[in-house]
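I have placed the structure first, in the form of structure tokens, so that the comments after it can refer back to it.
The values are calculated or read from the model by the stated rules, or taken from the named source; none is laboratory data. Since we're looking at a predicted model, the values are computed, not measured. Cβ placement follows ideal geometry from the backbone for every residue including glycine, while neighbour counts extend to all protein chains displayed.
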Amino acid sequence: MAVILGIESSCDETAAAVVVDGWRVLAERVASQAADFATWGGVVPELAARGHVDQLPGIALAVLAEAGLIPTDLEAVAVTARPGLIGSLLCGLTSAKVFAARLSVPLLAVDHVQAHIAAIRLGERGEDVAYPLVALVASGGHSHYYLCREPGRIEPLGGTIDDAAGEALDKAAATLELGYPGGPRIEVRAASGNPAALDLPRSFLRDDTVRLSFAGLKTSLLYRVRGPQGKDALRLDDVGLADACASFQGAVIDCLLAKLALAADRCDCRHVAITGGVANNGALRRAAAELAAARSWTLHLPAPVHCGDNAAMVAALGELMLRRGEVADLGVQASPTGSAPAPCGAIRGRCSHRS
Ligand code: KG4
Ligand code: ZN
């Protein structure tokens, strides 16, 4: 039995969790600074780092207490070491190093994007997830597709060439004066809107590349609601606002799912996963479930609490790394960039994998 403390602080969520064997969550907490950043319209890196300094020690000790454990019960500490905001990462990594050194337990330096995918292990026996699978990570910083031949290993298949899906939703919400974070606010308004009301572009939708682009969609919305220069005052009634939200959200979902289908076809893979903060979106989850039923996919959608940034997913990946002996030394550095290689030839060609 491996009892692991997970720590996540790559952006504006400070999180800690105690997870057993990579799937059973004993306790977890996520303290989000999103409300603090609503007035700024986005994350201010320096403030986010200071927020982590305030929150981290209390949250880590609180999850241990909630799990009914004391620090010496821990067998390892897993922490997000990359990618993310460097100041934010350093807070979590430094705390994790202190725990690991003080307790003489292994330190596991986790990649945040891979951890989002490892979230599919939580709440069910990780061994029951079938591989290989194709995973979409759709968050504020990423919208990429990966082939996972085995747990904890990823190969990039393609993704966005400009904005991430969450970033596009956040910017659309700013255009519509809905505040930050945009994804959930757009989802609420979209619920009563007509997704066909605005004819918005869907870049690359019908081509044969695993590519996304949301820049044109974002600009198109801006011109539609704020005039040809994008500078007019917003004049939408509640119905117009709901329609704009539903149309924008619908376009994002169409693109994300079309390329998921393409990526799965390319790899002859019937096991698929969608993770990351955008996977919280109810309309996306419903559309993905319909697509999965139509294509006889096994679809893995983490519980909403494990889609956005959280520490249980960090411990879930950490447990795989511990089993493989992928232990970091205390000199490990935080990095703003990820560990997965850049998407390569697989974007257009077929995958070498056949299931
Ligand atoms: O994974 P995450 O918590 O942090 C990053 O690693 O980026 O994702 C945050 C992103 C934000 O852009 C936010 O607007 C989006 O996820 N998001 C949503 C929803 N909840 C969060 N997007 C659409 N619908 C939601 N319900
Ligand atoms: Zn994330």
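On the basis of being within 30 Å of Cys148 (Cα to Cα), more than 16 Å from ligand 1 (Cβ to nearest atom) and assigned to a helix (DSSP H, G or I), does Ala115 make the cut? Break it down into steps so the answer makes sense when it comes.
Numbers: within 30 Å of Cys148 (Cα to Cα): yes; more than 16 Å from ligand 1 (Cβ to nearest atom): no; assigned to a helix (DSSP H, G or I): yes.
Answer is no for this residue.
Being among the basic types (Lys, Arg), modelled with pLDDT of 95 or more and surrounded by fewer than 23 Cβ atoms within 10 Å (Cβ to Cβ): is that true of Arg189 here?
Working: among the basic types (Lys, Arg): yes; modelled with pLDDT of 95 or more: yes; surrounded by fewer than 23 Cβ atoms within 10 Å (Cβ to Cβ): yes.
The answer is yes for Arg189.
Would you point out the residue of region 286-320, among those that are crowded, with 24+ Cβ neighbours inside 10 Å and closer than 16 Å to Val3 by Cβ, that is farthest from ligand 1 (Cβ to nearest atom)?
In this case the residue turns out to be Glu319.
May I ask you to verify whether Ala173 is small (Gly, Ala, Ser), within 11 Å of ligand 1 (Cβ to nearest atom) and within 26 Å of Phe204 (Cβ to Cβ)?
Working: small (Gly, Ala, Ser): yes; within 11 Å of ligand 1 (Cβ to nearest atom): yes; within 26 Å of Phe204 (Cβ to Cβ): yes.
So Ala173 fits the description; yes.
I'd like to check something: does region 89-106 contain any residue that is without any contact (Cβ under 8 Å) to a residue 60 or more places away in the chain, surrounded by fewer than 22 Cβ atoms within 10 Å (Cβ to Cβ), small (Gly, Ala, Ser) and not in a strand (DSSP E or B)?
Here is the first cut: in region 89-106, the ones without any contact (Cβ under 8 Å) to a residue 60 or more places away in the chain are 94, 98, 102-105.
Then keep just the ones that are surrounded by fewer than 22 Cβ atoms within 10 Å (Cβ to Cβ); that gives 94, 98, 102-105.
With small (Gly, Ala, Ser) added as a condition, the list becomes 104.
Applying the additional criterion that residues be not in a strand (DSSP E or B) yields 104.
Yes, region 89-106 has at least one match.
If we scan region 124-140, do we find a residue that is closer than 21 Å to Leu299 by Cα, surrounded by fewer than 24 Cβ atoms within 10 Å (Cβ to Cβ) and among the basic types (Lys, Arg)? Working first, answer last.
Here is the first cut: in region 124-140, the ones closer than 21 Å to Leu299 by Cα are 124-139.
Cutting the leftovers down to surrounded by fewer than 24 Cβ atoms within 10 Å (Cβ to Cβ) gives us 124-132.
Filter once more, so that each one left must be among the basic types (Lys, Arg): 125.
Checked region 124-140: at least one residue is closer than 21 Å to Leu299 by Cα, surrounded by fewer than 24 Cβ atoms within 10 Å (Cβ to Cβ) and among the basic types (Lys, Arg).
Please pick out the residue among Cys245, Cys267 that is in contact with a His (Cβ under 7 Å, 6 or more places away or on another chain) and hydrophobic (A, V, I, L, M, F, W, C). Even if it seems obvious, please write down each step before you answer.
Details: Cys245 fails: in contact with a His (Cβ under 7 Å, 6 or more places away or on another chain).
Of the residues listed, the single one that is in contact with a His (Cβ under 7 Å, 6 or more places away or on another chain) and hydrophobic (A, V, I, L, M, F, W, C) is Cys267.
Take region 61-78 and flag every residue that is of a type outside the set (D, E, K, R), in contact (Cβ under 8 Å) with a residue 12 or more places away in the chain and not in a helix (DSSP H, G or I).
The answer is Ala67, Gly68, Leu69, Leu74, Ala76, Val77, Ala78.
Quickly run through region 79-88 and pick out the residues that are of a type outside the set (Gly, Ala, Ser) and part of a helix (DSSP H, G or I).
At the first step, the residues of region 79-88 found to be of a type outside the set (Gly, Ala, Ser) are 79-80, 82-83, 85-86.
Within region 79-88, just Ile86 meets the criteria.
May I ask you to verify whether Val332 is away from ligand 2 (no atom under 16 Å from the Cβ), under 24 Å from Gly141 (Cβ atoms), surrounded by fewer than 20 Cβ atoms within 10 Å (Cβ to Cβ) and of a type in the set (Val, Ile, Thr)? Working first, answer last.
Working: away from ligand 2 (no atom under 16 Å from the Cβ): yes; under 24 Å from Gly141 (Cβ atoms): yes; surrounded by fewer than 20 Cβ atoms within 10 Å (Cβ to Cβ): yes; of a type in the set (Val, Ile, Thr): yes.
So Val332 fits the description; yes.
Is one or more of the residues making up region 148-168 buried (at least 22 other Cβ atoms within 10 Å of the Cβ), touching a residue at least 12 places away in the same chain (Cβ under 8 Å), closer than 16 Å to Leu241 by Cα and within 10 Å of ligand 1 (Cβ to nearest atom)?
No.
Being closer than 14 Å to Glu8 by Cβ and either hydroxyl-bearing (Ser, Thr, Tyr) or part of a loop (DSSP other than H, G, I, E, B) (or both) is the filter here; which residues of region 303-326 pass it? Before the answer, list the steps.
Within region 303-326, the first condition is being closer than 14 Å to Glu8 by Cβ, and the residues that meet it are 305-318.
Matches in region 303-326: Cys307, Gly308, Asp309, Asn310, Ala311.
Please specify each residue of region 1-30 satisfying the condition of being assigned to a strand (DSSP E or B), within 13 Å of ligand 1 (Cβ to nearest atom) and either out of contact with any helix residue (DSSP H, G or I) (no Cβ under 9 Å at 6 or more places or on another chain) or not polar (S, T, N, Q) (or both). Don't jump to the end; show me each part of the working.
Of all residues in region 1-30, those assigned to a strand (DSSP E or B) come to 3-8, 13-20, 24-30.
Those left that are additionally within 13 Å of ligand 1 (Cβ to nearest atom): 8, 13-15, 30.
Glu8, Glu13, Ala15, Val30 - these are the residues of region 1-30 that are assigned to a strand (DSSP E or B), within 13 Å of ligand 1 (Cβ to nearest atom) and either out of contact with any helix residue (DSSP H, G or I) (no Cβ under 9 Å at 6 or more places or on another chain) or not polar (S, T, N, Q) (or both).
For the subset of region 123-178 comprising residues that are of a type in the set (Gly, Ala, Ser), farther than 19 Å from Trp23 by Cβ and in a helix (DSSP H, G or I), which member is nearest to ligand 2 (Cβ to nearest atom)?
Initially, region 123-178 is screened for residues of a type in the set (Gly, Ala, Ser), giving 123, 126, 130, 135, 138-141, 143, 152, 158-159, 164-166, 168, 172-174.
So of that shortlist, the ones also farther than 19 Å from Trp23 by Cβ come out as 138-141, 143, 158-159, 164-166, 168, 172-174.
Checking which are in a helix (DSSP H, G or I) leaves us with 165-166, 168, 172-174.
Working: Ala165: 12, Gly166: 9, Ala168: 15, Ala172: 19, Ala173: 18, Ala174: 20 Å.
This residue is Gly166.
So that you can scan it fast, the table gives a plain yes or no per residue for (1) more than 20 Å from Arg285 (Cα to Cα); (2) of a type in the set (S, T, N, Q); (3) touching a helix residue (DSSP H, G or I) at 6+ places or on another chain (Cβ under 6 Å):
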{"site": "Leu108", "(1), (2), (3)": "yes, no, yes"}
{"site": "His112", "(1), (2), (3)": "yes, no, no"}
{"site": "Arg121", "(1), (2), (3)": "no, no, yes"}
{"site": "Asp128", "(1), (2), (3)": "yes, no, no"}
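Can you report the number of residues in region 124-165 which are of a type outside the set (Asp, Glu) and out of contact with any Pro (no Cβ under 8 Å at 6 or more places or on another chain)? Give the steps one after another, and end with the answer.
Filtering region 124-165 for residues of a type outside the set (Asp, Glu) gives 125-126, 129-149, 151-154, 156-161, 164-165.
Subset that is out of contact with any Pro (no Cβ under 8 Å at 6 or more places or on another chain): 125, 130, 132-139, 142-143, 151-154, 160-161, 164-165.
Here the count works out to 20.
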